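To start, the structure under review is shown below, and the notes come after it.
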Amino acid sequence: MRRATLIEYLLLLTAGTAVAAIVLIVIFIFHEGLPLMLKFGVVRFLTSSHWAPTRGEYGILPMIVGSLAVTVLAILIGAVLGLSCALFLAEFAPRKSVQILKPMIELLAGIPSVVYGFIGVVVLVPLIRRLLGGPGFSVLASAIVLGIMILPMVIAISLDALNAVPLSYKEGSLALGATRWQTLYRVLLPSARSGIIAALILGMGRAVGETMAVIMIAGNAVRLPDSLLSPVRTLTSNIALEMGYASGDHQAALFATGVVLFIITMILNTIALFTIQRRD
Amino acid sequence: MGSSRRSWLLALGLSGLFGLTGCARNNGDSLVIAGSTSVEPFAERLAELYTARQLKAAETSGTPVTEINIQGGGSSAGIRAVENGICQIGMSSRALTLAESSLYEIPIALDGIVIIVNRRNPVSALTIEQARAIFSGEVRSWDELGGLRQSITVITREEGSGTRASFEEKVMFGEDSVPRPFARDALVQDSNGAVREIVASDPAAIGYISFGLVDHRVRALALDRVSPSDSTIRSGSYPITRRFLFLTKGPPTGKAKDFIDYVLSPEGQQALIDEGLVSIR
């Protein structure tokens, strides 16, 4: 009896440490970044397009738009490709192929992001420049690379969601005379919806936070992107590019960028929670 | 295999991994040098030669070999790092500001900043006014300069870069005391190497890098009719020159001093000349 309680306490301790770490990080970011946001004016911080930290200007609107543009497009690419792949693996692929394909896809998750960025710079950027014009470093390039990066996550979770749908639903639908596509579209997908949305939200979280690959292929121009081919800077790239030498207010502004990132991620997760709860 | 056998093997494996840390050869202190990405490749080359020399000497005298770690991060990052004691030697490719002037500076080489374009670009010379107009986004197309009708892709460095600071000082300042800001849609890259790569592959690109890093893949432009070369940089006739600095907190001592002495020696300076810089002597 005593040994069980000891283990309970040990587990509680480890769980508490994990939670404490997260809480402390959040407190630290807010403590460093919030004063500057208030001093400079929260609205001005979020809506000004003028980012010139050496001259005391801290407007991060271009970076917010940059992050959102790249992420939304990446999710679209990831959703279309990933969901199709998951459907294929769940419903149409022969069992033997699934046994090979699934580990291969999971392997994609193990490739470091800097390698993705490298391939992006060497292959994708010149390709976009040649075929579509512009400098090549663009929203499009970042979205494509990020979309591919989140594929393993989206596929794996969607696949699990699709496989978790009870066989009786599928069989019942087919028995009532529905075609295979109708079963897929009207029974399988709606049943797996909460899992698929969870997959997409997780993918979005990964895309918003990705820094290394994006710095290499997005161009990092501080300007509101006006087309898919414009160079863009994301919130994460902004922090990474400038943190080496930032001090005082500049450093606080970078922490404030972290605060904004944190809030965006929180909003995304809350939306995910609501969507999942509404389903059930 | 039973689960207790498995955990034994796991424990054995892990402790084996820990044991490998003892294989690190070095017993002497390590020297950390951080800062400018312009100076970085040259510092690495010097560290290579210095370590080779030390290894040779260690064979006979058995003195410990200093492990030298070179990191980039940019001039401003290097200055802050040496101020905070994170590294022993900081590298800078720009002059120190008033706030930073308490550091001990040791010039190790002369360098120029060269404006580069793609090999396929017919433009081969600019005036400083033209350069300012291009990099501030006023002139947007190559055909205004005799090139093809193509929109200019401007590439600049991040704000903490010493190269950018030196370039701004010499090119972006005009008659007014405030520098013209860089074009809003200029691409920002975080090292000389990255800028050079982009210019080498994009026919419409223009950027600025350290003279020592120019190679056959890009074309260096003449500025105000002066072509960048060893002689024009040394004589100062090329308009954008700067010194590479090693920075220490107070006069260098110990391992740092030994390495810096090597860098300033004829052998060290020759190595820098071989790599494309201009000697400080």
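Taking every DSSP bridge with both residues inside chain B, close to 60 percent are antiparallel. If you wrap the stretch A:98-165 in the convex hull of its Cα atoms and look at it from every side, the mean projected area works out to 5.6 nm². Residues A:48, A:227, A:237, sorted by accessible area with the largest first, give A:227, A:48, A:237 [1.4 Å probe; ligands and nucleic acids excluded]. Counting every alpha-carbon pair across the stretch B:46-100, the share separated by more than 17 Å comes to 51%.
Entry note, chain B: relative contact order of 26 percent, from Cα contacts under 8 Å with a spacing of 6+ residues. For residue B:44 and residue B:99, the FRET efficiency from 1/(1 + (r/R0)^6), where r spans their Cβ atoms and R0 equals 22 Å, is about 0.15.
The B and A chains share an interface that buries close to 1700 Å² of accessible area, total over both sides, probe 1.4 Å.
Once you list every other residue whose beta carbon is under 12 Å from the beta carbon of residue B:243, what net charge do they have if Lys and Arg are +1 and Asp and Glu are -1? Net of charged neighbours comes to +1. Model label sites at residue A:92 and residue A:127, defined 7 Å from Cα along the beta-carbon direction, differ in position by 2.3 nm.
Which helices of chain A meet both criteria: a Cα extent of 18 Å or more along the helical axis and a mean Kyte-Doolittle score no lower than 0.0, with helices taken as whole DSSP H segments? Once both thresholds are applied, what remains is A:2-40, A:61-87, A:95-108, A:139-163, A:193-209, A:249-279. Legend: helices of chain B (whole DSSP H runs) are marked when their alpha-carbon atoms reach 20 angstrom or more along the helix axis and their mean Kyte-Doolittle hydropathy is at least -0.5; marked are B:3-20.
When you restrict to C-alpha pairs under 8 Å that are six or more residues apart and normalise by the size of the stretch B:43-148, the relative contact order lands at 14 percent. Surface analysis of the protein assembly as shown yields an accessible area of 50 Å² per residue, using protein heavy atoms and a 1.4 Å probe. Treating r as the C-beta distance of residue B:129 and residue A:169 and R0 as 60 Å, the FRET efficiency rounds to 0.25. Note that chain A shows a convex hull volume over its alpha carbon atoms of 198 Å³ per residue.
Accessible area of residue B:56 (1.4 Å probe, protein heavy atoms only, ligands and nucleic acids ignored): about 150 Å².
Other residues with beta-carbon under 13 Å from the beta-carbon of residue B:117 carry, at +1 per Lys or Arg and -1 per Asp or Glu, a net charge of +4. Between residue B:144 and residue B:173, the simple label model (points 7 Å from Cα in the Cβ direction) yields a spacing of 2.5 nm. Within the accessible surface of chain A, defined with a 1.4 Å probe on protein heavy atoms only, the carbon and sulfur portion equals 72 percent. Computed from Cα atoms alone, the Kirkwood hydrodynamic radius reported for the stretch B:210-275 is 14.2 Å.
Shape analysis of the stretch A:156-219 places it in the prolate category; the axes a ≥ b ≥ c from the Cα gyration tensor give an a/c of at least 1.5, with a/b above b/c. Hey, could you get me the Stokes-Einstein D for chain B, Kirkwood radius over alpha-carbon pairs, 25 °C and 0.890 mPa s, rounded to whole µm² s⁻¹? Value of D from the Cα-based Kirkwood radius: 118 µm²/s. Remark: accessible surface ordering of B:50, A:9 (largest first) is A:9, B:50, probe radius 1.4 Å. Distant-in-sequence amide contacts of residue B:139, defined by a placed amide H-H separation under 5 Å and a gap of 5 or more residues or a different chain, comprise B:134. Averaging the sequence gap over all C-alpha pairs within less than 8 Å and six or more residues apart, then dividing by the number of residues, gives chain A a relative contact order of 28 percent. Averaging Cα coordinates gives a centre for the stretch A:39-103 and one for the stretch B:169-210; these two points are 28 Å apart. Of all DSSP bridge pairs formed entirely within the protein assembly as shown, close to 60 percent run antiparallel.
Projected over every direction and averaged, the convex hull enclosing the alpha-carbon atoms of the protein assembly as shown yields 35.9 nm². Within the stretch B:153-178, the residues that become at least 30 Å² less accessible when every protein chain is included than when their own chain is isolated (1.4 Å probe; DNA, RNA and ligands ignored) are B:158, B:159.
The values are calculated or read from the model by the stated rules, or taken from the named source; none is laboratory data. Note that this is a predicted model, so its numbers are computed, not measured. FYI the Cβ positions are ideal-geometry reconstructions off the backbone, even for glycines, and counts take in every protein chain you see. With ligands, DNA and RNA removed, areas are computed over all heavy atoms of the protein, side chains included. Shrake-Rupley method; radii C 1.70, N 1.55, O 1.52, S 1.80 Å.
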